[in-house]
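> Got a structure here, written out as structure tokens. Questions coming.
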Amino acid sequence: MNSAQSVLQATAIQQQCKLLHLPAVGSQCAGLAELAVKEKQSHLDYLEALLAAELEERESRLVSRRLREARLPRMKTLDEFDFSQSPKVSAAEIRQLAEGGYIERAEPILFIGDCGTGKTHLMTGLCVAACRQKRRVRFTTTAGLVNELVEAKQQLQLRRVMARWSRYELIAIDEVGYVPLADLGAEFLFQVIAERAEKAAVIMTTNLPFSEWTQVIPNARLCKALLDRVTDQAHIIETGTDSYRFRRTLEKRQKKQG
């Protein structure tokens with residue numbers, strides 16, 4: 001086959017792969033064909049390598065899409081978390097949770113600790129791990145979730161928006177307790193949590209011990225009902241009171257002064 005014919009054939013293959021939505025086959029078929037000839041592979045060996053490349057590409061694209069859909073504030077993984085700076089947190093427990101069994105069992109996770117103790121980093125890392133398992137994940141702050149639902153109610157879209165939240169396999173709600181909730185906001189938070197109870201997983205972070213949740217959810221009955229839902233079969237992980245971020249800032253300042 002001359003060079004002109006090869007170019008025409010390559011163009012035709014590229015077009016066919018585009019129509020069949022096989023981008024990896026189109027981009028890698030020539031290179032893998034050369035490798036197959038060089039290594040004297042059979043036709044089936046070549047086909048297997050080509051299809052494996054396509055599957056790998058599809059999985060990679062799906063994970064990337066799941067990470068985009070999760071709307072994480074920052075890409076932080078568990079590998080980046082310094083457990084030596086958080087002695088109260090068990091690295092073994094976190095790594096076991098990252099395997100995803102709690103999602104299948106619909107078990108809540110609560111990170112409790114002061115600001116700067118790694119709660120959001122750990123939650124984000126678990127979200128990234130879930131996305132890499134191709135699960136549907138969504139991250140939000142408590143205020144962001146409540147504001148979205150209040151706006152949906154005003155626009156008569158509440159049922160549709162609630163249904164969208166219920167489709168996620170894992171939702172991560174950050175900063176419970178940082179801002180007091182009005183009655184309507186507290187009711188919406190309870191509704192989201194209650195609808196997921198024993199059906200789908202949720203991760204939450206809070207800076208308040210449970211005894212102080214009435215500071216942000218003044219309705220004592222609603223507060224008790226919410227706590228009953230989020231603590232049932234939950235993994236409750238305390239991150240402590242010693243701010244890692246504050247220590248890091250001090251260390252940097254001392255190095256500059258030194």
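The values are calculated or read from the model by the stated rules, or taken from the named source; none is laboratory data. Fair warning: this is a prediction, and the values are worked out from it, not measured in the lab. In this analysis, Cβ positions are derived from the backbone assuming ideal geometry, glycine residues included, and neighbour counts consider all displayed protein chains. Please note that ligands, DNA and RNA were not included when accessible areas were found on the heavy atoms of the full protein model with its side chains. Shrake-Rupley method; radii C 1.70, N 1.55, O 1.52, S 1.80 Å.
> State whether one or more residues within segment 143-154 are acidic (Asp, Glu) and not in a helix (DSSP H, G or I).
Within segment 143-154 (the criterion being acidic (Asp, Glu) and not in a helix (DSSP H, G or I)), the answer is no, since none of the residues qualifies.
> Looking at (1) within 10 Å of the chain's Cα centre (by Cα); (2) under 26 Å from Ser84 (Cβ atoms); (3) not in a helix (DSSP H, G or I), which is the one condition that is false for Arg135?
Failed condition: (2).
> Among the candidates Leu50, Leu32, Leu19, which residue alone is among the hydrophobic types (A, V, I, L, M, F, W, C) and open to solvent by 80 Å² or more (accessible area, probe 1.4 Å)?
Matching residue, one of Leu50, Leu32, Leu19: Leu19.
> Counting just the residues of segment 73-104 that are in a helix (DSSP H, G or I) and hydroxyl-bearing (Ser, Thr, Tyr), which one comes out nearest to Glu169 (Cα to Cα)?
Step by step, filter segment 73-104, then rank; the result is Tyr102.
Let's see how each residue does on (1) within 29 Å of Ala98 (Cα to Cα); (2) modelled with pLDDT of 95 or more; (3) out of contact with any helix residue (DSSP H, G or I) (no Cβ under 6 Å at 6 or more places or on another chain):
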| position | (1), (2), (3) |
| --- | --- |
| Phe139 | yes, yes, no |
| Thr142 | yes, yes, yes |
| Gln157 | no, yes, yes |
| Val161 | yes, yes, no |
| Ala200 | yes, yes, yes |
| Thr205 | yes, yes, no |
| Ile237 | yes, yes, yes |
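> Check whether at least one residue in segment 54-69 is farther than 15 Å from Glu169 by Cα, in a helix (DSSP H, G or I) and touching a Cys at 6+ places or on another chain (Cβ under 7 Å), and report yes or no.
no
> If you go through segment 181-190 one residue at a time, how many are over 21 Å from Thr124 (Cα atoms) and surrounded by 15 or more Cβ atoms within 10 Å (Cβ to Cβ)?
Adding up the residues that qualify gives 6.
> Which members of segment 58-117 meet the condition of being farther than 19 Å from Val176 by Cα, polar (S, T, N, Q) and either within 12 Å of the chain's Cα centre (by Cα) or open to solvent by less than 40 Å² (accessible area, probe 1.4 Å) (or both)?
Answer for segment 58-117, where residues must be farther than 19 Å from Val176 by Cα, polar (S, T, N, Q) and either within 12 Å of the chain's Cα centre (by Cα) or open to solvent by less than 40 Å² (accessible area, probe 1.4 Å) (or both): Ser64, Thr77, Ser86.
> In segment 199-239, what residues are in a loop (DSSP other than H, G, I, E, B) and either within 17 Å of Ser166 (Cα to Cα) or of a type in the set (Asp, Glu) (or both)?
Within segment 199-239, Lys199, Ala200, Asp232 qualify.
> Of the residues that make up segment 101-110, is at least one farther than 18 Å from Lys199 by Cβ and either in contact with a helix residue (DSSP H, G or I) (Cβ under 7 Å, 6 or more places away or on another chain) or at pLDDT below 95 (or both)?
Checked against the condition, which is being farther than 18 Å from Lys199 by Cβ and either in contact with a helix residue (DSSP H, G or I) (Cβ under 7 Å, 6 or more places away or on another chain) or at pLDDT below 95 (or both), segment 101-110 yields no hits at all.
> Return the pairs, sorted by first residue and then second, in which the second residue is acidic (Asp, Glu) and open to solvent by 30 Å² or more (accessible area, probe 1.4 Å), the first residue lies in segment 172-198 and is in contact (Cβ under 8 Å) with a residue 12 or more places away in the chain and in a loop (DSSP other than H, G, I, E, B), the beta carbons are less than 8 Å apart, and the residues are 6+ apart or on different chains.
Partner pairs satisfying both residue conditions: Gly177/Glu212; Ala197/Asp232; Glu198/Asp232.
> Right, Gln41: of a type outside the set (Lys, Arg), open to solvent by 70 Å² or more (accessible area, probe 1.4 Å) and either in contact with a Ser or Thr (Cβ under 6 Å, 6 or more places away or on another chain) or farther than 30 Å from Leu122 by Cα (or both) or not?
Answer is no for this residue.
> Hey, could you check segment 239-258 for residues that are touching a strand residue (DSSP E or B) at 6+ places or on another chain (Cβ under 8 Å) and surrounded by 13 or more Cβ atoms within 10 Å (Cβ to Cβ) and say which is modelled with the highest pLDDT?
Going through the qualifying residues, I end up with Thr239.
> So, one more: How do the pairs read when you match residues in segment 137-152 that are closer than 20 Å to Val216 by Cβ and open to solvent by less than 40 Å² (accessible area, probe 1.4 Å) with residues anywhere that are assigned to a strand (DSSP E or B) and modelled with pLDDT under 95, using Cβ under 6 Å and keeping only pairs 6 or more apart or on different chains?
Qualifying pairs under 6 Å: Thr142/Glu175; Thr142/Val176.
> Taking segment 152-180 as the region of interest, how many residues are charged (D, E, K, R) and over 26 Å from Met123 (Cα atoms)?
Counting residues in segment 152-180 that are charged (D, E, K, R) and over 26 Å from Met123 (Cα atoms) gives 3.
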